[in-house]
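The values are calculated or read from the model by the stated rules, or taken from the named source; none is laboratory data. Here the structure is a predicted model, which means the values were calculated and not measured. Backbone-built Cβ (ideal geometry, glycine too); neighbour counts: all protein chains shown. Accessible surface is based on the protein model in full, side chains and every heavy atom, while ligands, DNA and RNA are left aside. Shrake-Rupley method; radii C 1.70, N 1.55, O 1.52, S 1.80 Å.
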Amino acid sequence: MTEPEWVKHAIWWHVYPLGFTGAEPALPAGQPVLHRLSRLHVWLDYAVELGASGLALGPIFASESHGYDTTDYFRIDPRLGDDKDFDELIGQAHARGLKVLLDGVFNHVGRGFGPFQQVLAEGPDAPTAPWFRLTWPETEWKPGSVPDHKDFEGHHHLVALNHDQPQVAGFVADVMKHWLGRGADGWRLDAAYAVPPTFWKAVLDDVRREYPQAYFVGEFIHGDYAGAVEAGTLDAVTQYELWKAIWSSLNDANFYELAAALERHNGFLETFAPLTFVGNHDVTRLASKLKNPDQLPLALAVLLTVGGTPSIYYGDEQAFRGIKEDRAGGDDAVRPAFPAGPSELALVGQPVYHLHQELIGLRRRHPWLHNARTKVMTLSNDHLVYEASSDGAGITVALNLSGTAAQLPVPSSARTLLAGRGTRLQNSNAVSLPGYGWAVFGP
């Protein structure tokens, strides 16, 4: 593993700043700077009390709308603030022991991106024309005309960069180093699956020479996770396979799917510690995804007792609901504004918040879980018992997906209830779980 040592203790609270702060959906022309990043300050203690050790930020750089259509990588989005606001947020976070992860959108840009605007103004001879994969019309080019370009997954307003060009690699490395130099601790690499791994290797070799303790996690949805990490010299990738298996196995009453995913997860851990999650800015909220919300604690128990680097998406810790839709504005429901401060949150979310605290506290007391492998011990459609272990330490996790009480076998070493809602039966290597119950046992 290439990850920095501090990542072994990282638990991220993931925030989408444009939505969190209630920013306008698009940047109005000539809008003055609005200092909204400071609205996060009051939530940093909340993140610490939750148990997080890092703040993972969605896009914060100047963009045309949702942040993934960047126009200026060296400027904070005016809807959020300026350099001073960024520096203050970094200082406030670090003062509380929170690392800060930035979202780097380096596969594509918005049409307002300066080098692309230069191409529109100067044509095929523009020095930045090689930055993009462009097809020029056979007729004479006229200023302002838009050449055909490779877009991002059908979004024609997103212009894909040409990652074969050394100038692009140099530019991305300069962006990363600029913000790491201002105090950021690492980067999430958006749509990393669409970028050649040789590009990431060249960029990260450059950046790590100056910032060896920076963390780099790539967004990968499917494919050869371990191969992508090795070829691109990434520290980790997003574990979408486990995300899908968690909610799907609960909805379908099929723990066999989860057991298979955990075995693949063990394989990934031989190479890297994946970024694990049950919610993020691109997917329907877990509380809405599950057919039976009573099973939500089981999903969290899995997330926080298996190997990896867990990430909690803002609002999930309060059982927020929201459904992602495939349409313009379809992400808005999962990227909502938060209130001015924690005291304004509805009390209905407190039980799930406390559940997060309980499980995150368990993980913080057992940091070896970062590299833990899981061994399934009992498996049926609605019952699962597994052991998570590393370096001689271990815990046993028991899950009851059914709505009726169940007794499940556990090893004799699983004597003490560490978290959850279960009872270790006396004079028997078994535990009793209520319906939809879960429990974690240790020596």
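Can you confirm whether A29 is free of Cβ contacts under 8 Å to residues at least 40 places away in the same chain, among the hydrophobic types (A, V, I, L, M, F, W, C) and at negative phi?
On the way: free of Cβ contacts under 8 Å to residues at least 40 places away in the same chain: yes; among the hydrophobic types (A, V, I, L, M, F, W, C): yes; at negative phi: yes.
Judged against the criteria, A29 is a match.
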Legend entry - Subset tally (residues that are open to solvent by 20 Å² or more (accessible area, probe 1.4 Å), in contact with a strand residue (DSSP E or B) (Cβ under 6 Å, 6 or more places away or on another chain) and closer than 29 Å to K291 by Cβ) for the stretch 422-443: 2
Inset, instruction - Identify the residue in the stretch 359-400 that is farther than 20 Å from P434 by Cβ and among the acidic types (D, E) and, among all such residues, is modelled with the highest pLDDT. - result: E387
Legend entry - Residues that are farther than 15 Å from L189 by Cα and within 18 Å of the chain's Cα centre (by Cα), drawn from the stretch 223-239: G223, A226
Legend entry - Yes/no for V119 being buried (at least 19 other Cβ atoms within 10 Å of the Cβ), of a type in the set (V, I, T) and part of a strand (DSSP E or B): no
Inset, instruction - Under 9 Å between Cβ atoms, at least 6 apart or on separate chains: pull out the pairs that start in the stretch 112-123 with a residue that is under 14 Å from W136 (Cα atoms) and free of Cβ contacts under 8 Å to residues at least 40 places away in the same chain and end on any residue that is assigned to a helix (DSSP H, G or I) and among the hydrophobic types (A, V, I, L, M, F, W, C). - result: V119/A129; V119/W131; E122/A129; G123/A129
Legend entry - Which listed residue, of A414, A388, is touching a Gly at 6+ places or on another chain (Cβ under 9 Å) and either farther than 22 Å from W12 by Cβ or hydroxyl-bearing (S, T, Y) (or both): A414
Legend entry - Of the criteria (1) outside any strand (DSSP E or B); (2) touching a residue at least 60 places away in the same chain (Cβ under 8 Å), which one P143 fails: (2)
Inset, instruction - Search the stretch 91-109 for residues that are of a type outside the set (D, E, K, R) and pair each with any residue that is surrounded by fewer than 22 Cβ atoms within 10 Å (Cβ to Cβ) and at pLDDT below 95 when their beta-carbon atoms are under 7 Å apart and the residues are at least 6 apart or on different chains. - result: N107/F152; H108/F152
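Pick from E358, E387: which is closer than 24 Å to F255 by Cβ, in a strand (DSSP E or B), of a type in the set (D, E, K, R) and open to solvent by less than 60 Å² (accessible area, probe 1.4 Å)? Steps first, answer last, please.
Details: E358 fails: in a strand (DSSP E or B).
Unique residue meeting the criteria: E387.
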Legend entry - Any pair with Cβ under 8 angstrom, 6 or more apart, that starts in the stretch 182-201 at a residue that is in contact (Cβ under 8 Å) with a residue 40 or more places away in the chain and ends at one that is open to solvent by 30 Å² or more (accessible area, probe 1.4 Å) and among the polar types (S, T, N, Q): D185/Q213
